[in-house]
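In what follows, a single structure is set out as structure tokens and then discussed.
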Amino acid sequence: MNNKFLIIYGLIILLVFGFLLSLNSKKPINPFDTSPISIPNGQPTPLPTTLPTTPPTQAPFQITKLTIIDTQIGTGTPAASGNAITVNYTGMFTDGKVFDTSLGKQPLQVQIGVGKVIAGWDQGILGMRVGGKRRLIIPPDLAYGETGVPNAILPNTSLVFDIELLDVRISPNE
């Protein structure tokens, strides 16, 4: 009985050992080998000679509503429609590429809620308090819409703005 088990175990070990040797018997790939290789089933597929000249008109996903994310809640005066505000901002595409910023320049002074900026700003800054920081994720219809901005922002592009509210004046003339 013991001899049968020894024979079976021996055969199993030989089979496993033979299998492992057959896996290792393939010629190793030399990364420095520059000899030609054969391509089965004909020639390689040629690469296109021209690249597309127009960028895609839409992101892989479409933002459909204004999203407001307060990253720091301010404690000062809240912005209301008709107020003159002073902000620092950074404008980005949804991939994070910056297209405009006031950082390192003069902060922007503008009247809010009266159509002097894109609708996403008019809606997204209302209620924000001085000292606050806010991220606005703006769909195309509240940004530059179907026209875009020539040589800067494609039509139907969603935008992201990081905004810091520095000052609010009740009337634009204050």
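Each value in this text was obtained by applying a stated rule to the coordinates, not by laboratory testing. From a predicted model like this one, the values you see are computed outputs, not experimental measurements. All Cβ positions, glycine included, derive from the backbone under ideal geometry; neighbour counts span all protein chains shown.
Between VAL16 and THR75, what is 0.36 nm times their sequence separation minus the Cα-Cα distance? Round to one decimal in nm.
Values: separation 59, 0.36 × 59 = 21.24 nm, distance 7.33 nm.
Roughly 13.9 nm would be gained on extension.
Counting beta carbons within 10 Å around each of TYR9, TYR89 and listing the fewest first gives the order TYR9, TYR89. In segment 67-169, a dipole from Cβ-located charges (positive for Lys and Arg, negative for Asp and Glu) runs towards its positive end, and of ILE137, VAL114, ASN151 it is VAL114 whose Cα lies farthest in that direction.
The magnitude of the dipole of segment 67-169, with charges of +1 and -1 set on the Cβ of Lys/Arg and Asp/Glu and taken from the Cα centre, is near 260 debye. Prolate is the label for segment 67-169, because the ratio a/c of its alpha-carbon gyration tensor axes (a ≥ b ≥ c) is 1.5 or higher and a/b is greater than b/c. Would you list which aspartates and glutamates come within 18 Å of LYS133, measuring only between C-alpha atoms, while excluding same-chain residues fewer than 8 positions from it? Output for LYS133: ASP70, ASP100, ASP122, ASP162, GLU164, ASP167. Sequentially through segment 77-88, phi angles give Karplus couplings (6.51, -1.76, 1.60; θ = phi - 60°) of 4, x, 7, 10, 4, x, 6, 8, 10, 10, 9, 9 Hz, Gly and Pro residues having no value and appearing as x.
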